[in-house]
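Read-outs throughout are calculated quantities, based only on the coordinates presented, and are distinct from any laboratory measurement. Since the structure is predicted, the reported quantities are computational estimates derived from the model, not experimental observations. Virtual Cβ from ideal backbone geometry, glycine too; neighbours counted across all protein chains shown.
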Ligand SMILES: Nc1ncnc2c1ncn2[C@@H]1O[C@H](COP(=O)(O)OP(=O)(O)O)[C@@H](O)[C@H]1O
Ligand SMILES: [Mg+2]
């Protein structure tokens, strides 16, 4: 039996979409037939609450586990889960100074950084990129990628997306637009796949995200 692949959603600040992307990615991977767990590393537990608010007749597609403490403690807590799943999606706290974020970076195979195309997010991304590149010196197997989120069709967004190409971390071959379907699915305790045809554009984006992530982790 091989250990599951760990994908951490990580960023320097809150509001970039870590929880949103973690939930959609976990649901999308599960729908694509992968055995998935969602690990909630954020003491605010928004991902856990999101999944718990799903209606009983339509439970959230992935198992949810709360992870706390050091990397060693998390690895231990993940052992029984690892026997059941192929992929663990980890939702991290809204700060890179938080010890859980550091634990995630010590464990994960892929650090996925959601970036809102705005100047402040861009500056914050320099910090998290440095951290990932630094960790990679100790863990060469660690991969990192940037994921544009809340993308709007404005000149500013276009400029920021251009600047992302100058980062050392690759930009994932996928992006999520600013769409009410993402916020709505959180309220309903589902993913965009639970919203029906009205969320077709968001479903297509998440499917592309799933495909890009699977390519990156070599599935
Ligand atoms: N692509 C998107 N389109 C619309 N709203 C989004 C999108 N991504 C995130 N949001 C909203 O932005 C807010 C912050 O997102 P969240 O995932 O909680 O960020 P984080 O976990 O990084 O703090 C939430 O209200 C969420 O619904
Ligand atoms: Mg969050």
>> If I stretch the segment between residue 211 and residue 45 completely, what's the gain in nm (0.36 nm per residue apart, minus their alpha carbon distance), one decimal?
In response: 57.1 nm
>> Quick check: convex hull over the Cα atoms of segment 66-140, volume per residue in Å³, rounded to an integer?
In response: 103
>> Sort 52-64, 153-165, 94-106, 30-42 by packing, meaning the average of other beta carbons within 10 Å per residue, with the highest value first.
In response: 30-42, 94-106, 52-64, 153-165
> Antiparallel DSSP bridges in segment 5-216: what percent, to the nearest 5?
Replying inline: 0
>> Once the convex hull of the alpha carbons of segment 1-112 is built, what does its volume come to per residue, in cubic angstrom?
In response: 94
> Which value results when the Cα radius of gyration for segment 5-216 is divided by 2.2 N^0.38 Å?
Replying inline: 0.95
